[in-house]
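The values are calculated or read from the model by the stated rules, or taken from the named source; none is laboratory data. Small disclaimer: the values here were computed from a predicted structure and weren't measured. Here the Cβ positions follow ideal geometry from the backbone for every residue, glycine too, while neighbour counts run over all protein chains shown. Each accessible area value is taken on the protein alone, full model and side chains, heavy atoms only, with ligands, DNA and RNA left out. Shrake-Rupley method; radii C 1.70, N 1.55, O 1.52, S 1.80 Å.
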Amino acid sequence: IIKEFGLGDDRLGRFWDRGREVLVNGYREYHAIFTRDAWTHVTRNIYPNTIEGESAANVPAVVGSGPVVMDFQVTWRVLQDFLLTWSTLTLYHKEHPERENAALAVVREMMAAAGSADMDEQLNVQWEEILLMCRPPQSRN
């Protein structure tokens, strides 16, 4: 639900600033650049293995057993407050001022899917992650 909210063309997807596709595409193009420029130990660590397009054989990924950075306990209220900070939300509502606030709508949709009615109920949020790691080229001096 949250992925469709943030990336779907009929939701916030087309309102993100230019460059967002680099993240959505899993930094694949950077893998090639680092490899070409003699960086070593170039790895793309992803979690989970359901990130879009991960079947690309020319850009291998290491699938983690869990998120490294984005794994936290929040309430529905805190999640809603976080979503309200997204810059793309402002751009979306400039074009669609007549629509209900999209962050409020998606939290309500998620709560219904989870069978929850309490904004103060705790939930675990795990965000998809892509960590591109490598070592710089050795000096040729």
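Straightening the chain between LYS3 and ASN45 buys 13.2 nm, computed as 0.36 nm per residue apart minus the Cα-Cα spacing. In the context of the full set of protein chains, residues of the range 90-141 present 70 Å² of accessible surface per residue (probe radius 1.4 Å, heavy atoms only). Taken over the chain, the alpha-carbon convex hull comes to 141 cubic angstrom per residue.
Here LEU84 and ALA38 are evaluated by their C-beta separation; at R0 = 41 Å the FRET efficiency comes out at 0.40.
What the phi angles of the range 25-34 give under the Karplus curve with 6.51, -1.76 and 1.60, with θ = phi - 60°, is a coupling list of 7, x, 6, 4, 5, 6, 4, 5, 5, 4 Hz, glycine and proline written as x. With contributions of -39500 (n - 2.57) from each DSSP H run of at least four residues, the per-residue ellipticity at 222 nm computed over the chain stands at -9500 deg cm²/dmol.
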